[in-house]
Amino acid sequence: MSPRTDAAVQARRQATQEMLERLQTALTAAARDHTPVTVAALARTARVSRTFLYQNQQARDLIEQANRATSPHPGGSSSASRAQPAWKERALNAEDALIQAQREIRTQRTRIAELLGKIRDLEHNLPEGSLQRIVTENTTLKQHVRQLTQDNQQIQERLTSARQNNRFRDKRIADLEAQLVPYLTTPPPRP
């Protein structure tokens, strides 16, 4: 492998190792605080993606070890006991997603309110009737732009036609010159 490839592989391994260390720290904190171990919470706390937690075998092993260490029934392998944490995890993930969506909605509503306030302030500072005048000028300018666009298109079409006529005339002149060449190169007959 090339040195650049080796360096890239080494950097990737180092980044993965750092993510695993952050995950281990998050798992230790969760065990210390007796908080439930969920993928969403771990991803947030360890600053890693959920995809990393699902796809990296070492990360899955760490999570599985933490789940075994905190489970009240070690060795319980009934399908009901496995389904219970999965259901709880999905519910917690959905709850986290709902909280995040509500936070985003509040942020967007605040931003919309700020922008509407700015619009109202701008409209308030306008003199009486100027809003109507601005709308009328805007409409007039749009019509003017439309007219200029049409004029430009017509001029482009005329230019294209003129270029075609010019090429035709150049070709015709070349043909006529080709017909005259024998007369110009042959000396006139002597009397």
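No lab work stands behind these numbers, since they all come straight from the coordinates. The model shown is predicted, which means the values in this text are computed figures rather than measured ones. For neighbour counting, all protein chains shown are included, and Cβ atoms are generated from backbone atoms with ideal geometry for every residue, glycine included.
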Quote the charge dipole size of the chain about the Cα centre in Debye, to the nearest 20; the model charges only the Cβ of Lys and Arg (+1) and of Asp and Glu (-1). 360 debye
Roughly how many nanometres apart are two label points built 7 Å out from the Cα toward the Cβ at Ala91 and Arg4? 5.3 nm
Suppose each label sits 7 Å from its Cα in the direction of the beta carbon; what would the Thr45-Gln65 distance come out to in nanometres? 1.6 nm
Descending packing, highest mean Cβ count within 10 Å first, for 44-51, 142-149 is 44-51, 142-149
What are the GluC sites (Glu not before Pro) within segment 120-152 that DSSP puts in a loop, where the Cβ has at most 16 other Cβ atoms within 10 Å? Glu128
Can you tell me the 0 to 90 degree angle between the C-alpha axis of helix 57-70 and the longest principal axis of the chain, rounded to 10? 30 degrees
Contour minus end-to-end for Gln55 and Thr139, with contour as 0.36 nm per residue of separation and end-to-end as the Cα-Cα distance? 24.5 nm
What aspartates and glutamates could a cross-link reach from Lys88, if we take a straight Cα to Cα line under 14 Å and drop same-chain neighbours fewer than 8 places away? Asp96
Which angle from 0 to 90°, rounded to the nearest 10, does the C-alpha axis of helix 130-185 make with the longest principal axis of the chain? 50 degrees
log10 of Debye I(q)/I(0), alpha-carbon scatterers only, for segment 1-65 at 0.12 Å⁻¹: -0.33
Restricting to Cα atoms and excluding each atom paired with itself, what does the Kirkwood estimate give for segment 137-180 in Å? 13.0 Å
Just to compare against my own numbers: the Cα pair-distance distribution for the chain, 5 Å bins, whole % per bin, please. 1, 6, 7, 8, 7, 6, 5, 5, 5, 4, 5, 7, 7, 6, 5, 4, 3, 3, 2, 2, 1, 1, 1, 0, 0, 0, 0
Would you mind computing the Rg to Rh ratio of segment 98-189 from its alpha-carbon coordinates, Kirkwood style for Rh? 1.60
